[in-house]
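The values are calculated or read from the model by the stated rules, or taken from the named source; none is laboratory data. Nothing here was measured: the structure is a model prediction, and the numbers come from that model. Counting neighbours? That spans all protein chains shown, and the Cβs are built from the backbone with ideal geometry, glycine included.
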Amino acid sequence: MNKVSVLVFGLMAATALGGAAHADKLDDIIGSGTLRCAVVLDFPPMGSRDADNQPVGFDVDYCNDLAKALGVTAEIVETPFPERIPALMSGRVDVGVASTSDTLERAKTVGMTIPYFAFEMAVTANDKSGVKSFEDMKGKVVGATAGTYEAIALEEQVKAWGEGEFRPYQTQADVFLALSQGQIDATVSTSTVAQANVKSGNFTGLSVVGKAPFDTDYVALFTNREEYGLINYLNLFINQQVRTGRYAELYEKWVGGEAPDLTVGGVYR
Amino acid sequence: MFNYTFHWNQALRALPQMLDGALVTLQVAVLSMVIGLACAIALTGFRLSGSRILSGIAAVWVEVARNTPALFQIYMAHFGLGNFGIHLSPYAALLAGIAFNNAGYLAENFRGALKAIPETQTRAGRSLGMNSLQAFRFIVLPQMLRVAYLPATNQMVWAILMTSLGVTVGMNTDLAGVTQELNARSFRTFEFFAIAAVIYYFIAKAVTLAARALAWRMFRY
């Protein structure tokens with residue numbers, strides 16, 4: 001073999017091996033035939049379990065739609081809020097469809113897509129607490145689900161007020177349990193969760209008393225930060241969900257009313 | 001494949017906050033141990049009292065404390081009592097839960113230690129002219145404490161580690177609570193949990209070593 005053919009052979013071998021090693025996550029998902037989504041199933045109406053213990057909710061349908069678009073089977077991996085990142089990093093899930101607020105702090109760790117849903121925040125109070133508005137919460141004992149956007153905002157608000165107490169509970173159910181028992185006077189949650197819980201009849205003596213003046217909570221899908229191919233695909237998928245009317249359809253199915261606008265005026269992306 | 005780049009700088013900046021949390025953890029553990037010891041002594045007394053009601057109370061307490069998860073005990077102290085309109089703050093609920101657990105284990109520990117001292121010693125004491133209280137005070141008790149001491153330090157370490165269950169009842173000032181919150185904010189799960197684990201390790205180790213040193217001083221012949 002002369003030097004040229006050795007070089008050519010070597011290059012070919014390197015290209016073949018290099019090509020295989022560069023399969024990205026999008027390829028892996030399509031190749032494996034399964035899309036594993038981290039979904040929070042303690043967060044109705046986005047994710048919960050029905051009477052047969054099957055996962056249902058907006059996020060569950062969204063994952064199924066995504067799997068359908070990719071031509072693979074969806075696998076819903078129940079993931080509590082605090083475990084979203086460990087689940088992704090340890091490779092147990094491919095994508096988070098978990099109502100995750102797209103904060104800059106978190107984007108240092110994971111790759112966020114464009115927003116796929118938006119929440120408004122509502123104040124729910126125990127009827128005996130005398131809390132009738134957001135401002136009434138000053139000096140009271142308030143709580144929220146640990147690790148959520150509203151928990152972080154509410155805790156900062158309590159610090160700014162300089163009185164009262166903030167308690168983070170691990171699940172949404174615990175927050176509403178504590179609220180109905182009067183352990184906390186009020187909570188801030190997404191308006192969808194507030195309505196769903198008050199209507200559920202599981203908790204008595206609670207009312208949704210008003211809006212919380214926090215910024216709209218845009219939530220994004222997330223995956224590993226460096227998976228540009230997949231993030232690119234997810235962005236287009238979200239765009240298509242809105243464009244085809246599927247987003248509005250799912251919103252009507254799980255929440256009802258007019259679906260929130262997912263764009264922000266005056267700036268790109 | 002573990003695809004994660006560690007950002008230690010960012011995490012270490014939160015170290016002072018975490019150390020403040022560690023102090024709260026230690027405080028809860030120490031208080032739970034003090035309360036637990038007092039309750040355990042009372043429970044041991046109940047068992048020796050011969051009263052059916054008192055030994056019944058002690059038996060139920062020890063059974064529940066030793067045979068249900070600490071998580072359940074703490075959860076019940078907050079949400080269980082809350083159902084009856086008794087509102088313990090997360091701090092109080094955590095403290096009550098761990099103290100309850102400690103008391104159960106320590107009472108059992110004392111019982112074992114009492115059994116380790118042969119009855120003949122009490123009789124020997126009595127035959128030397130001591131009354132039963134004196135025999136207990138001067139012969140049995142010092143030996144019992146010695147036997148029970150090292151297992152009790154185990155319980156102290158266990159109490160420190162159990163404080164991390166406080167997050168389930170809304171505790172956010174102890175080490176686990178602070179760690180959870182930092183994690184939620186930044187998603188730097190592995191850094192914060194690793195630092196927390198190291199801090200727990202050092203607290204537990206320090207307590208064990210201090211207890212050994214103390215034992216060496218106290219129990220010299």
Members of the stretch A:52-93 that are within 14 Å of the chain's Cα centre (by Cα) and within 17 Å of A:N235 (Cβ to Cβ): A:Y62, A:C63
Which one of B:S89, B:S55, B:S51 is within 12 Å of chain A (Cβ to nearest Cβ) and polar (S, T, N, Q)? B:S89
With respect to A:F176, is the statement that it is at pLDDT 85 or above, under 17 Å from A:L154 (Cα atoms), buried (at least 21 other Cβ atoms within 10 Å of the Cβ) and away from chain B (no Cβ under 11 Å) true? yes
Residue list for the stretch A:180-208, restricted to those being farther than 25 Å from B:I86 by Cα and charged (D, E, K, R): A:K199
What about B:M130, is it at pLDDT 90 or above and not in a helix (DSSP H, G or I)? yes
Of (1) within 14 Å of chain B (Cβ to nearest Cβ); (2) in contact with a helix residue (DSSP H, G or I) (Cβ under 6 Å, 6 or more places away or on another chain), A:V208 satisfies every one except (1)
Between a first residue in the stretch A:135-147 that is in contact (Cβ under 8 Å) with a residue 24 or more places away in the chain and a second residue that is of a type in the set (D, E), which pairs have beta carbons less than 6 Å apart while being 6 or more apart in sequence or on different chains? A:G139/A:E163; A:K140/A:D185; A:V141/A:E165; A:V141/A:D185; A:A144/A:E150
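Please determine, by comparing only the residues of the stretch B:165-187 that are free of Cβ contacts under 8 Å to residues at least 24 places away in the same chain and part of a helix (DSSP H, G or I), which one is nearest to the other protein chains (Cβ to nearest Cβ).
Pass one, the stretch B:165-187, residues free of Cβ contacts under 8 Å to residues at least 24 places away in the same chain: B:167, B:180-181, B:183-185, B:187.
Remaining after also requiring part of a helix (DSSP H, G or I): B:167, B:180-181, B:183-185.
Details: B:V167: 6, B:Q180: 6, B:E181: 7, B:N183: 6, B:A184: 3, B:R185: 6 Å.
My answer is B:A184.
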Leading residue by the ranking (surrounded by the fewest Cβ atoms within 10 Å (Cβ to Cβ)) among those in the stretch B:190-219 that are within 14 Å of chain A (Cβ to nearest Cβ) and in contact with a Phe, Trp or Tyr (Cβ under 9 Å, 6 or more places away or on another chain): B:A194
Within the stretch B:106-139, residues among the polar types (S, T, N, Q), surrounded by fewer than 17 Cβ atoms within 10 Å (Cβ to Cβ) and touching a residue at least 12 places away in the same chain (Cβ under 8 Å) come out as B:Q121, B:T122
Please go through the stretch A:147-161 and pick out each residue that is surrounded by 24 or more Cβ atoms within 10 Å (Cβ to Cβ) and more than 8 Å from chain B (Cβ to nearest Cβ). A:Y149, A:L154
Breaking point among (1) in contact with a helix residue (DSSP H, G or I) (Cβ under 8 Å, 6 or more places away or on another chain); (2) of a type outside the set (S, T, N, Q); (3) buried (at least 24 other Cβ atoms within 10 Å of the Cβ), for A:G164: (3)
Considering each residue of the stretch A:78-117, count those that are more than 10 Å from A:V40 (Cβ to Cβ), of a type in the set (A, V, I, L, M, F, W, C) and crowded, with 18+ Cβ neighbours inside 10 Å, and give that number. 10
With criteria (1) surrounded by fewer than 18 Cβ atoms within 10 Å (Cβ to Cβ); (2) within 11 Å of chain B (Cβ to nearest Cβ); (3) touching a Gly at 6+ places or on another chain (Cβ under 7 Å), A:Y169 comes up short on (1)
Counting residues that are within 11 Å of chain B (Cβ to nearest Cβ) and basic (K, R), which strands (runs of 3 or more DSSP E) fully inside the stretch A:72-138 reach at least 1? none
